[in-house]
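What follows is one structure encoded as structure tokens, with my remarks underneath.
Bear in mind these aren't lab numbers, they're just calculated from the coordinates by the rules spelled out. Keep in mind that this is a model prediction, so the values were computed, not measured. Note that we place each Cβ from the backbone using ideal geometry, even for glycine, and neighbour counts take in every protein chain shown.
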Amino acid sequence: FWTWFKNSMIIAVLGTVIQLFIAAAAAYAFSRLRWKGRRPGLMALLLAQMFPALLAFPAIYIMFLQIGQSLPGIGLNTLWGLLLVYLGGAMGANVWLLKGYFDTIPKELDEAAKMDGASHARIFFTMTLRLVAPILATVGILAFVGLWGEFMLASIFLLDQDVRTLGVGLYSLNMADRNKYFGMFSAGALIASIPPVLVYLSLQKQLIGGLTSGSVK
């Protein structure tokens, strides 16, 4: 059980941090910079959300099965391979939510920083990220809960017991012998609910402000 718990923590924590960085960088580029293909790129992201992720599962399975033959560390049945698949969807609906909040930050702040000699990278890391903390907390909560509870792709991708995430492991435990392991399953499900609750309680004040400000814009 604790191996499954550790695997889920690795996937959820690393996936949340990297997804948050990728989505924030993309939202900054779409919101603050002007470049050719900006509007078509936003429309392409929106259009991609209309197709269910389930359609890509067969292709992902075959692709990582072949990748594992050359790079076993990130192939099928590995945590790092599953993490790469999750990161492939980092630029999804979160980019639109982040961009909406980034648009509320006055552009005069960027212009003042540029006059002082600051580059886009310095403005992004030292100024913008601090001003958009509420929406970062919001997206972080949504990403963590989504990765922590993701089951369908993990059940297809992870085959061995020692690399399974908590949801997949508990499901296999329940299917092995429901009457025998029901008590263990219930206890595991209760423990599994603790991390999302702690994350939400620690960031709930930022959650409300981030959702309302970003969506209204």
*If you line up the long axis of helix 178-192 against the longest principal axis of the chain, both from Cα atoms, how many degrees apart are they, to the nearest 10?*
20 degrees
*Tell me the label-point distance for the pair Leu55, Asn179, using the 7 Å Cα-to-Cβ offset, in nm and rounded to one decimal.*
4.5 nm
*Which label belongs to the value computed from this structure, given these candidates for Cα extents along the principal axes in Å: [x] 67, 40, 30; [y] 50, 43, 31; [z] 83, 60, 36?*
[x]
*Phe21 to Phe125: extension gain in nm, 0.36 nm per residue of separation minus the Cα-Cα distance?*
36.4 nm
_Taking the Kirkwood radius as the inverse of the mean 1/r across Cα pairs, report the Rg/Rh of the range 115-207._
1.21
*Can you give me the relative contact order of the chain as a percent, contacts being Cα pairs under 8 Å and 6 or more apart?*
34 percent
*What length, rounded to one decimal in nm, is gained on full extension from Val13 through to Asp103, with 0.36 nm per residue of separation minus their alpha-carbon distance?*
29.7 nm
*Taking only DSSP H segments of four or more residues, each worth -39500 (n - 2.57), what value at 222 nm results for the chain once the sum is divided by all its residues, to the nearest 500 deg cm²/dmol?*
-23500 deg cm²/dmol
_Angle check, please: helix 38-48 long axis (alpha carbons) against the longest principal axis of the chain (alpha carbons), in degrees 0 to 90, nearest 10._
20 degrees
*Can you spot the aspartates and glutamates whose alpha carbon is less than 12 Å from Lys6's alpha carbon? Ignore those fewer than 8 places along the same chain.*
Asp162
*To the nearest 10 degrees, how steep is helix 2-32 against the longest Cα principal axis of the chain, on a 0 to 90 scale?*
20 degrees
*At what distance in angstrom do the alpha carbon centres of the range 18-87 and the range 91-108 lie from each other?*
19 Å
*Which of the trypsin sites (Lys or Arg not before Pro) found in the range 1-64 are in a DSSP loop and have at most 12 neighbouring Cβ atoms, other than their own, within 10 Å?*
Arg34, Lys36
